């Protein structure tokens, strides 16, 4: 792991905090954690919650773990977290996803974010003003939604999760409708939102603490 400068958050972890960090690495077959999550081991409940929530929400359920990890990768990229994206991308590959699928998931999230930014504006203006903008359309390219190695339901799953994290009500509604038409169930969509919540929070922590040195791993 590359060296990082000392920060005011340089805290030696408890044995339990270091153990949770190790369990997180083992759970997703990772050689190292992103710098920020490694530093979070200095907070015993903090790293413990990250581990437990990711372990629970990314476990196979109504959706395959591989699908959930592709969604988590897309969500992490949408938050702008390099460390979080790397963590979930490597975990997705370890779970059987192809590298092209991982890159395509990030591409879908990128384009989805453009539409989220545009259509979110519709809910930021007053209702009386909203009608003035209804006839405008979003002239953005969206080849990533169609020219992809991902299955159509997986594209919509990513768009639902990313749109939720980006706070676009119109996009969430539209992608849920499209996803259901492609076979996504309400239970699967609920799992997607839980994945989005847990992975976006972990990704933001990885970014927020990226400058903090990772505490040494406890031995014994």
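For all pairs of alpha-carbon atoms in segment 29-111, what percent lies in each bin of width 10 Å, listed from the first bin to the last filled one?
Pairs per bin, as whole percents: 18, 51, 28, 3.
Could you work out how far helix 169-181 tilts from the main Cα principal axis of the chain, as a 0 to 90 degree angle to the nearest 10?
Once rounded, one gets 80 degrees.
Expressed in nm to one decimal, what extension gain is obtained for the pair residue 29 and residue 94 from 0.36 nm per residue of sequence separation less their Cα-Cα distance?
22.7 nm
Working from Cα positions, state the angle (0 to 90°, nearest 10) between the long axis of helix 186-208 and the longest principal axis of the chain.
Around 50 degrees separate the two axes.
Roughly what angle does helix 82-94 make with the longest principal axis of the chain, taking Cα atoms, 0 to 90 degrees, to the nearest 10?
The angle comes out near 90 degrees.
Mind giving me the nanometre distance, one decimal, between the label points for residue 149 and residue 22, set 7 Å out from Cα along Cα→Cβ?
3.5 nm
Each label point is 7 Å from the Cα along the Cα-to-Cβ direction; what then is the distance between the points at residue 187 and residue 142, in nm?
That separation, rounded to one decimal, is 2.9 nm.
Give me the distance in nm between label points sitting 7 Å out from Cα along the Cα-to-Cβ direction at residue 11 and residue 133, one decimal.
Here the answer is 4.1 nm between the modelled labels.
Compare the peptides 135-147, 99-111, 39-51, 185-197 by average per-residue count of other Cβ atoms within 10 angstrom and give them in order, highest first.
Those peptides, ordered most packed to least, come out 39-51, 99-111, 185-197, 135-147.
Every number here is computed from the coordinates shown, using simple stated rules; none is lab data. Computed from a predicted model, the values in this text were never measured in an experiment. All Cβ positions, glycine included, derive from the backbone under ideal geometry; neighbour counts span all protein chains shown.
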